[in-house]
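Take a look at the structure set out below.
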Amino acid sequence: MILEMVRANGAVSLRELARVVQTSEVTVRRDVRALEAEGLLDRRHGGAVLPGGFTRESGFPQKSHLATAEKTAIADLAAGFVDEGEAVVVGAGTTTQELARRLARVPGLTVVTNSLLVAQALAHANRVEVVMTGGTLRGSNYALVGSGAEQSLQGLRVSRAFLSGSGLTAERGLSTSNMLSASVDRALVQAAAEVVVLADHTKLGTDTMFQTVPTDVITRLVTDEPPAHDDRALTELQALADQGVQIAVAGPGAGSGPAGGEAGSAGRQSGRLGPPQPRGGEEGLPLPGPRRNHPHPPGPGTAQLRGAAPLAEQQPGRVADLAPRRR
């Protein structure tokens, strides 16, 4: 059954496998390890993929069934970082599609996107303006790519970009398996003052062919709570925080707050910086590019992220500003 699920979807999380086969993640992990030894699949942090998955990209039908609960929680939390009247860019992906459904409730918003799915989710939002890039349609993920998409983004300026991808590591940042998608994502990043990456825990520690956003350009990561036994995902979160990325973790209470509300209503926030930064339309937004030290250092009440384990031990539904460990 595990092999059938992996072959049908291209990639499956351990959590989903355990749910379908009605056993524990510990048991599933042991079975996945045995199947990998036989060369039938490859393990990834928190999941399993087809052999050669480093270069293979699943299509939208497969991705839409992976980590659905996690994507919903991430989208609920990420929507809280968007204010009324902002202008943002939203890249292609199943997680960003979930975000777009929530942004439909934010009045006065302008969304620039190369994703047909994002545009469709916002098509009937009365007070949201949608701007599509040009380009060539890439059918596997319903995204516009190529020189036409990149040229249409030249001269654009928005407050922040929301992007997803195939993998995220502290060493290389966000990456994807397709060269054309990576090129458009880089153009989206250049148009934004801040970069917000949406990635569920199964993508943490996964590295794919084409880098889209280097770690030092990522302002914030919005992710879900990794399982307590997933040491590599927790370690990756610590490494990202150590490099100055703000980590917002969607807890069990995600979805309780309205779009445009405080992040605290949906999960926990961590990383080097404290409160959310000025929104689009205000003066003084930083230029795109590598992140600089923020002028507002963490306050005296800032909690310290001393290791990977405490991240999973905090009480759900609260916001804690977690700064990188200092000697």
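The values are calculated or read from the model by the stated rules, or taken from the named source; none is laboratory data. Being a predicted model, the structure only gives us computed values, none of them experimental. Because the Cβ atoms are built from the backbone with ideal geometry, glycine has one as well, and the counts that use them run over all protein chains shown. To get the accessible areas, we keep the full protein, side chains included, count just its heavy atoms, and leave off ligands, DNA and RNA. Shrake-Rupley method; radii C 1.70, N 1.55, O 1.52, S 1.80 Å.
The table below lists the values:
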| item | result |
| --- | --- |
| Within the stretch 177-188, tally of residues that are touching a residue at least 60 places away in the same chain (Cβ under 8 Å), of a type outside the set (D, E) and open to solvent by 10 Å² or more (accessible area, probe 1.4 Å) | 3 |
| Residues being part of a strand (DSSP E or B) and modelled with pLDDT under 95 - total across the stretch 149-168 | 2 |
| Qualifying position, being modelled with pLDDT under 90, in a helix (DSSP H, G or I) and either crowded, with 21+ Cβ neighbours inside 10 Å or at negative phi (or both), among A69, A73, A78 | A69 |
| Selection within the stretch 105-120 - open to solvent by less than 30 Å² (accessible area, probe 1.4 Å) and either small (G, A, S) or assigned to a helix (DSSP H, G or I) (or both) | S115, L117, V118, A119 |
| Pair list, Cβ under 7 Å, 6 or more apart: the stretch 136-151 residue without any contact (Cβ under 8 Å) to a residue 40 or more places away in the chain, other residue open to solvent by less than 50 Å² (accessible area, probe 1.4 Å) and hydroxyl-bearing (S, T, Y) | V145/S181; A149/T133; E150/S183 |
| Some residue of the stretch 151-162 being under 12 Å from V213 (Cβ atoms), open to solvent by less than 30 Å² (accessible area, probe 1.4 Å) and touching a strand residue (DSSP E or B) at 6+ places or on another chain (Cβ under 7 Å) | yes |
| Count of residues meeting criterion [open to solvent by less than 30 Å² (accessible area, probe 1.4 Å) and over 15 Å from S177 (Cα atoms)] in the stretch 135-145 | 1 |
| Single condition E98 does not satisfy, out of (1) open to solvent by 30 Å² or more (accessible area, probe 1.4 Å); (2) on the phi > 0 side of the Ramachandran plot; (3) modelled with pLDDT of 85 or more; (4) not basic (K, R) | (2) |
| Residue among V184, V213, V197, V249 that is over 24 Å from S13 (Cβ atoms) and modelled with pLDDT of 85 or more | V184 |
| Filtered residues of the stretch 1-58 (kept if of a type in the set (D, E, K, R), surrounded by fewer than 17 Cβ atoms within 10 Å (Cβ to Cβ) and at pLDDT below 80) | E4, R7, E38, R56 |
| Filter result for A241 (at pLDDT below 85 and either crowded, with 18+ Cβ neighbours inside 10 Å or out of contact with any Cys (no Cβ under 6 Å at 6 or more places or on another chain) (or both)) | no |
| Hey, S177 modelled with pLDDT under 90 and among the small types (G, A, S) or not | yes |
